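The values are calculated or read from the model by the stated rules, or taken from the named source; none is laboratory data. Computed from a predicted structure; not experimentally measured. A quick note on method: Cβ atoms are made from the backbone with ideal geometry, for glycine too, and the neighbour counts reach across all protein chains shown. We work out accessible area using only protein heavy atoms, side chains counted, and drop any ligands, DNA or RNA first. Shrake-Rupley method; radii C 1.70, N 1.55, O 1.52, S 1.80 Å.
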Amino acid sequence: MISFQSKFPDTPTSIFTEMSQLAIQHKAINLGQGFADYPMDPLLIKGVTKAMEEGYNQYAPSSGYMILRERLSEKTLKEHGQFFDPETEITITPGATIALFTVIATFIRPGEEVLYFDPAYDSYRPSVTAVGGIPVSVPLNFPDFSLDMQRLQSKISSKTRMIILNTPHNPTGSTVTREQLLALYELIKDTDIILMCDEVYEHVIFDHQQHHSPLGQPLLRDRTVSVHSFGKMFNCTGWKTGYIIADKALTTEIRKVHQNNAFSTFSAVQIAIANYMEDPDTYERLSGFLQNKRNLLEDALKDSPLKPLPVKGSYFQLYSYAGFSHLPEKDFAVWLNKEAGVTSIPLSALTENFGDHQLIRFCFAKKDETLLKAGARLRELGRSIAPPPAH
Ligand SMILES: Cc1ncc(COP(=O)(O)O)c(C=O)c1O
């Protein structure tokens with residue numbers, strides 16, 4: 001037996017794997033993991049088939065096909081009013097998670113600190129640890145999950161190299177405002193801190209709000225790295241394709257890592273997406289589509305003891321069971337899965353220092369009938385299904 005020391009001794013099995021296994025075991029409706037149970041647009045599938053038939057089956061250029069990068073440059077200019085050069089500032093990656101890792105591996109040296117807001121998407125922390133960096137969590141305000149600038153300031157030190165921002169935010173659905181981005185700039189303007197913004201839900205934003213990206217703030221341009229996912233944009237999470245936008249100096253460094261950990265990504269998918277995106281409605285319609293689903297689930301749960309927290313974007317919503325049970329979040333989610341047959345994710349599994357607030361997360365990117373069926377099951381809570389006492 002060889003001997004080695006785990007770099008991740010405290011990493012448990014992912015909560016998504018755990019809850020999905022429980023969902024199968026109890027034949028529960030899975031509103032836990034973040035992917036759609038309805039089909040993606042067949043037009044895009046046809047586009048990939050066509051691209052493959054046309055011969056796009058070998059390595060794509062390392063930074064991605066120019067036609068796709070040009071499309072993304074035009075889109076960014078239209079949406080945020082800033083030009084990013086497709087030649088030197090846009091890179092196509094195998095999804096957002098690897099893009100986040102690539103950026104962290106590019107800039108973080110052992111002992112340097114990366115601040116991220118808690119609760120958080122679960123890859124940030126282990127990615128920082130993997131390269132010897134020190135993840136430092138900054139709890140969001142409760143209950144609106146907004147940024148706490150004073151708390152953020154108190155965590156910035158001479159070792160801070162990067163701040164990870166996620167808007168719209170998974171798992172809470174909060175978003176950042178332009179004023180908050182400017183306040184963030186004021187905090188870091190005299191430092192060399194890089195701002196990495198995870199914007200995978202940029203097109204899932206509700207109630208006529210606008211998505212505010214640091215890409216749209218000229219003051220932040222030289223320090224912003226923005227990460228995106230076509231999987232979320234076009235409901236093809238299994239295709240694992242995304243992209244990074246960053247100023248030339250940053251992109252030059254990012255590509256040095258990208259060319260060695262991925263080199264390039266699925267060629268036919270890139271061509272198909274570039275053609276598909278020619279019509280902006282393919283992604284602009286997403287907000288309205290998912291807003292209807294958010295509303296449908298909220299309506300279906302009106303007469304249940306689960307109370308929704310406001311959600312501004314993303315396809316997740318937190319529900320409070322505080323008036324119904326005092327069980328800790330994980331115990332409640334496991335109980336709910338078994339007794340009500342609906343799978344959720346306990347918020348506590350996605351936080352480090354945030355505490356237990358009796359909140360579970362549902363993903364509402366599901367067929368209407370799935371949401372209605374889950375709603376019917378959850379309305380039985382408190383009627384025929386009683387919660388166990390907390391220990
Ligand atoms: C906030 C956030 N960032 C990144 C990702 C990963 O995106 P991809 O599937 O493109 O790796 C997810 C997926 O759930 C996410 O919620």
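Positive contributions from Lys and Arg (+1) and negative ones from Asp and Glu (-1), summed over other residues with Cβ under 13 Å from the Cβ of His212, come out at -2. Using 0.36 nm per residue and subtracting the Cα-Cα separation, the extra length available between Ser62 and Asp299 on full extension is 80.6 nm. Normalised by the number of residues in the chain, the mean separation of alpha-carbon contacts (under 8 Å, six or more apart) gives a relative contact order of 24 percent.
Between the stretch 217-255 and the stretch 316-379, the alpha-carbon centres lie 31 Å apart. Solvent-accessible surface of the chain, averaged per residue with a 1.4 angstrom probe and all protein chains in place: 44 square angstrom. Quick one: helix 66-80 against the long Cα principal axis of the chain, what's the angle to the nearest 10°, folded into 0 to 90? Tilt of helix 66-80: around 70 degrees. Taking springs between alpha-carbon atoms closer than 10 angstrom, which of Pro135, Pro308, Pro61 fluctuates most in the Gaussian network model of the chain? Looking only at Pro135, Pro308, Pro61, the largest GNM fluctuation is found for Pro61. With N as its number of residues, the stretch 79-220 has a Cα radius of gyration that, divided by 2.2 N^0.38 Å, comes to 1.01. Among Leu187, Leu290, Leu100, which one shows the biggest mean-square fluctuation in a GNM of the chain, springs joining Cα atoms closer than 10 Å? Among Leu187, Leu290, Leu100, the largest mean-square fluctuation in the Gaussian network model of the chain belongs to Leu187. Computed from label points 7 Å out along Cα-Cβ, the spacing between Glu54 and Asp148 is 5.2 nm. Summing charges over all other residues whose Cβ lies under 11 Å from the Cβ of Thr172, with Lys and Arg as +1 and Asp and Glu as -1, gives 0.
For the residue pairs Lys293/Lys330; Lys232/Lys312; Lys7/Lys248; Lys7/Lys189, the alpha carbons lie more than 27 Å apart in Lys7/Lys248; Lys7/Lys189.
Per atom type, the stretch 295-359 shows carbon and sulfur on 50% of its accessible surface, probed at 1.4 Å. Remark: spin-label model distance Ser157-Lys7 equals 2.2 nm, labels positioned 7 Å along the Cα→Cβ axis. Each listed q (0.11, 0.13, 0.15 Å⁻¹) maps to a log10 I(q)/I(0) for the stretch 44-282, found by the Debye formula over equal Cα scatterers with no solvent: -0.54, -0.76, -1.01. Extension gain, Asn353 to Leu187, is 57.5 nm, computed as 0.36 nm per intervening residue step minus the present C-alpha separation. Placing R0 at 22 angstrom, the Cβ-Cβ distance between Asn292 and Gln210 gives a FRET efficiency of 0.70 after rounding to 0.05. For the residues Pro214, Pro126, Pro171, a GNM of the chain with alpha-carbon springs under 10 Å puts the largest fluctuation on Pro126.
Taking a Cβ cut-off of under 13 Å around Arg221, the surrounding Lys, Arg, Asp and Glu residues balance to a net charge of -1, with basic ones at +1 and acidic ones at -1.
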